[in-house]
Amino acid sequence: MKREIDPQQTTRAEAFTLWMSSPMPMVTLTKTFDVSNIVKASKKRGIKFNALLCLCIGRAASSINEFYLLPEQGRLYTYDRIAINVIVTNKKGGINSCDIPLTADAKEFLKQYNQLTQKAGNECKSSFLEDYMIIGTSAIIGTELDSIINQYTDKFSNPMVMWGKYRKGWFKTTLPISFQFHHTQMDGGHGALFLEQLQQEIKGLRV
């Protein structure tokens, strides 16, 4: 459920005052991850790499309170559940967007990931969950990338997690991941905590 709250009654009161009216309030952090465990699980279970990474992203974010907040059009909102947005290439060669609700059951999340992305690709239609806090993702897997900077605009203030093609090494597979967030929503420390927890989710993933 989406609910407006008074920012002055939250831990983000000062940040709201400082950054809500900023013309460029977004912050981007980039970290290189060891994704060997996801690659192994993907090949062993026949599950898409990006689906497993999205699951880890949702799990890492769900334990951080700031991810349930969203600054939007001069106001602050709170949510009680999270969804992961995925960009899909459709059968016409264009792209569509679909929101996948985060569930405690990994198999259910992966099932919905497959169903919703396939539907978006086949029907060339986007689907959205209005009452969920949306974490955007963007996978540009056509090449290896060191970092991604998304558009800095107040039209989309949701956090974004972005990556390119992973890099195979002798002993591990790595992937630089960029994390962009609105400074009103969280500070750099919260962003760093998310990235640390994401690495732990990746290393500990079992499906």
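The values are calculated or read from the model by the stated rules, or taken from the named source; none is laboratory data. Keep in mind that this is a model prediction, so the values were computed, not measured. All Cβ positions, even for glycine, are placed from backbone atoms using ideal geometry, and neighbour counts span all protein chains on display. Quick note on the areas: whole protein, heavy atoms, side chains included, nothing else; ligands and nucleic acids left out. Shrake-Rupley method; radii C 1.70, N 1.55, O 1.52, S 1.80 Å.
Quarter the surface of the alpha carbon convex hull of the range 114-200 and you get the mean projected area, 8.0 square nanometres.
Accessible area per residue for the range 46-196 is 49 Å², calculated with a 1.4 Å probe on protein heavy atoms, without ligands, DNA or RNA.
Separation of the alpha carbons by more than 22 angstrom is noted, of Lys48/Lys111; Lys107/Lys172; Lys43/Lys203; Lys125/Lys165; Lys44/Lys111, for Lys107/Lys172; Lys125/Lys165.
Against the compact-protein benchmark of 2.2 N^0.38 Å, the Cα-based radius of gyration of the range 1-85 scales to 1.42. Reported to the nearest whole Å, the Cα centre-to-centre distance from the range 151-207 to the range 92-129 is 20. Dipole size of the chain about its Cα centre, with +1 on Lys/Arg Cβ and -1 on Asp/Glu Cβ: approximately 1280 debye, rounded to the nearest 20. Taking amide H positions as modeled 1.01 Å from N, with prolines and chain starts lacking one, the residues under 5 Å from Glu72 and 5 or more places away or on another chain are Tyr77. Straightening the chain between Arg3 and Thr143 buys 46.4 nm, computed as 0.36 nm per residue apart minus the Cα-Cα spacing. Only one of the values (i) 17.0, 58; (ii) 20.2, 63; (iii) 16.8, 52 was calculated from this structure for Rg and Dmax of the Cα atoms in Å; name its label. Given (i) 17.0, 58; (ii) 20.2, 63; (iii) 16.8, 52, the structure-derived one carries the label (iii).
A Cβ-based charge dipole, computed about the Cα centre of the range 1-114 with Lys and Arg at +1 and Asp and Glu at -1, lands at about 840 debye.
When Tyr77, Tyr152 are compared by accessible area at a 1.4 angstrom probe, the order from most to least is Tyr152, Tyr77. Give the residues of the range 114-137 whose amide nitrogen is closer than 12 Å to a point set 7 Å from the Cα of Arg81 in the direction of its Cβ. Answer for the range 114-137: 129-133.
Among the protein heavy atoms, those of Met160 account for about 20 Å² of accessible surface (1.4 Å probe, every chain in place). Length available on full extension from Arg45 to Lys168: 0.36 nm per residue minus the Cα-Cα distance, which gives 42.4 nm. Checking every one of the chymotrypsin sites (Phe, Trp or Tyr not before Pro) in the range 94-149 against DSSP loop status and a limit of 12 other Cβ atoms within 10 Å picks out Phe128.
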